[in-house]
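For reference, the structure is listed below as structure tokens.
Please treat every number below as a calculation from the coordinates, not as lab data. Just so we're clear, the structure is a prediction, and the values are computed from it rather than from any experiment. Cβ sites come from the backbone with ideal geometry, for glycine too, and all protein chains shown count toward neighbours.
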Amino acid sequence: MKILTDIMNKYNQKLGDFVIINPESMGKDYPYTEIEYVEISSIGSGTLEGTNITSVENAPSRAKRIVKHGDTILSTVRPNRRSFLFIKQPPKNMIVSTGFAVLRPSKELDPRYLYCLIRQQKFTDYLANNAKGAAYPAVDSDTIKRAELFIPPLLTQQKIASILSAYDDLIENNTRRIHILEDMAQAIYREWFVHFRFPGHEDVKLVGSELGMTPEGWNIVEAGNRFIVLLGGTPSTKVDKYWQNGTVAWINSSKVNEFRVIDETEFITEEALSNSSAKLLPKRSTLIAITGATLGQVSLLEIEAAANQSIVGVYDNEGYFGEYLYLKFCEIIEKLIGKASGSAQQHINKGVVADTQLLIPNKPVISKFRIIIRPYFDLVVNLMYKNKNLRLTRDLLLPRLISGELDVRNLNVG
């Protein structure tokens, strides 16, 4: 134990001695006329949801910071939200918001090891405890520089980074496969149900309907007349027994931001389910966020769960239309958002969802579609569970490696 303590003390060093913060910014001599802009809202804990392409002339005033391969960006606002990203082979014109601190490692600090340091919970806690401002807590560059972290010799850093990066690479590869599978599923859906080039379409006439020209023999129904449409609810938080030792999965609307919902926000009790407006939704229910920051988000439930009152769930009792409903609402969600009401905060009423007209293929077509499409969805969720387990393992290793508790000096890591 004394040896471990000595190692930790020896290499407990200030981050500011090993990084340059915000090394480059856009100036008048910036060589590009167009930028790929990264805003804070698009960054999660190691994830990038997307970028905005804009001209330099029309770029937001916060679009200033230049990033390069090997940098780590870290949101300085509300650090407890853990918004950070390792920059890997970015476009030459990538620019990030001034709401990020761009950390560029010196030659004595491995870029991947720097990223490992930033994403450990201990560092997040340090930033949160030193943030200034109650309504808009934020940290400055000096606070980041003062952080004392375990920074061993470069070779040891590289070994630690190599171990943890192996997990990241597996997660990244699985995520890439997930998005390919989703794109393929969306493409098949559009081919069959938007362009109406389903198997045997040559022998089916298109006829006029409320939704335009549609295949003869297909029905148009209101969602609530054909499927189950449920508004979620929240058991009283003042009743402790509703939330203690619960066994029923319950999700809030932030979960709908996730590509698939594979785990709960919290557990509630059976009594809470019985004595509140919360309703249990089956696996493969389509989830629609109807208010707040998540308004219009669509996801697919991959567990049995109840949801809060900011979510409408839609499902098919027969089990034939689960995947179809998800893809259909992804297609038409902008129309639903267009029917949102409310001045202070927009929301989509449950009735809007229930009254939405849906095109329902005949049974032979939907049966064929289900046989083809279900394996895509099953593989997506399997890969997501693999990623969940990889993250759990990586995050268990992270603090032990970063603290020096696990000594890697004698490991032969490629």
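Among Pro153, Pro364, Pro399, the residue with the largest mean-square fluctuation in a Gaussian network model of the chain, with springs joining Cα atoms closer than 10 Å, is Pro364.
At a Förster radius of 25 Å, what calculated FRET efficiency corresponds to the Cβ-Cβ distance of Val204 and Glu331, to the nearest 0.05? The pair Val204/Glu331 has a calculated efficiency of 0.75.
Multiply the residue gap between Glu34 and Lys238 by 0.36 nm, knock off their C-alpha separation, and tell me the result in nm, one decimal place.
Values: separation 204, 0.36 × 204 = 73.44 nm, distance 5.25 nm.
Result: 68.2 nm gained on full extension.
Segment Asp378..Tyr136, full-extension length gain: 83.0 nm, with 0.36 nm per residue of separation and the alpha-carbon distance subtracted.
When you restrict to C-alpha pairs under 8 Å that are six or more residues apart and normalise by the size of the chain, the relative contact order lands at 15 percent.
Could you tell me the relative contact order of the range 122-263? Use alpha-carbon pairs under 8 Å, at least six residues apart, and round to a whole percent.
On the way: 40 pairs, mean separation 9.8, N = 142.
Reported as a whole number, the value is 7 percent.
The Cα atoms of the chain give a gyration tensor whose axes a ≥ b ≥ c have a/c of 1.5 or more with a/b greater than b/c, which makes the shape prolate. Over all other residues within a Cβ to Cβ distance under 12 Å of Asn382, the charged ones net out to +2, with Lys and Arg as +1 and Asp and Glu as -1.
Charge tally for Lys68 (other residues, Cβ to Cβ under 14 Å; Lys, Arg +1; Asp, Glu -1): +1.
If you take every residue apart from Glu148 with its C-beta less than 11 Å away from the C-beta of Glu148, what net charge results, scoring Lys and Arg +1 and Asp and Glu -1?
Working: positive: Lys14, Lys122, Lys145, Arg146; negative: Asp17.
My count for the surroundings of Glu148 gives +3.
Subtracting the Cα-Cα distance of Ser274 and Phe259 from 0.36 nm times their residue separation leaves 2.5 nm of extension gain. May I ask which residue of His347, Leu281, Leu358 lies farthest towards the positive end of the charge dipole of the range 219-360, with charges of +1 (Lys, Arg) and -1 (Asp, Glu) on Cβ and the Cα centre as origin? Toward the positive end, the furthest listed residue is His347. Simple spin-label estimate for Glu57 and Glu172 gives 3.6 nm between the two label positions (7 Å along the Cα-to-Cβ direction from each Cα). May I have the pair-distance distribution P(r) for the range 80-205, computed from all Cα-Cα distances with 10 Å bins from 0 and rounded to whole percent? So the P(r) values, bin by bin, are 10, 28, 26, 15, 10, 8, 3, 0.
Sequence-distant contacts, meaning Cα pairs under 8 Å at least 6 residues apart, place the relative contact order of the range 82-183 at 29 percent.
Model label sites at Asp395 and Lys368, defined 7 Å from Cα along the beta-carbon direction, differ in position by 4.4 nm.
Quick check on the chain: helices-only [θ] at 222 nm, where DSSP H runs of length 4 and up contribute -39,500 (n - 2.57) each and the sum goes over total residues. Nearest 500, please.
Values: 10 runs with 145 residues, N = 414.
My calculation for the chain gives -11500 deg cm²/dmol from helical runs alone.
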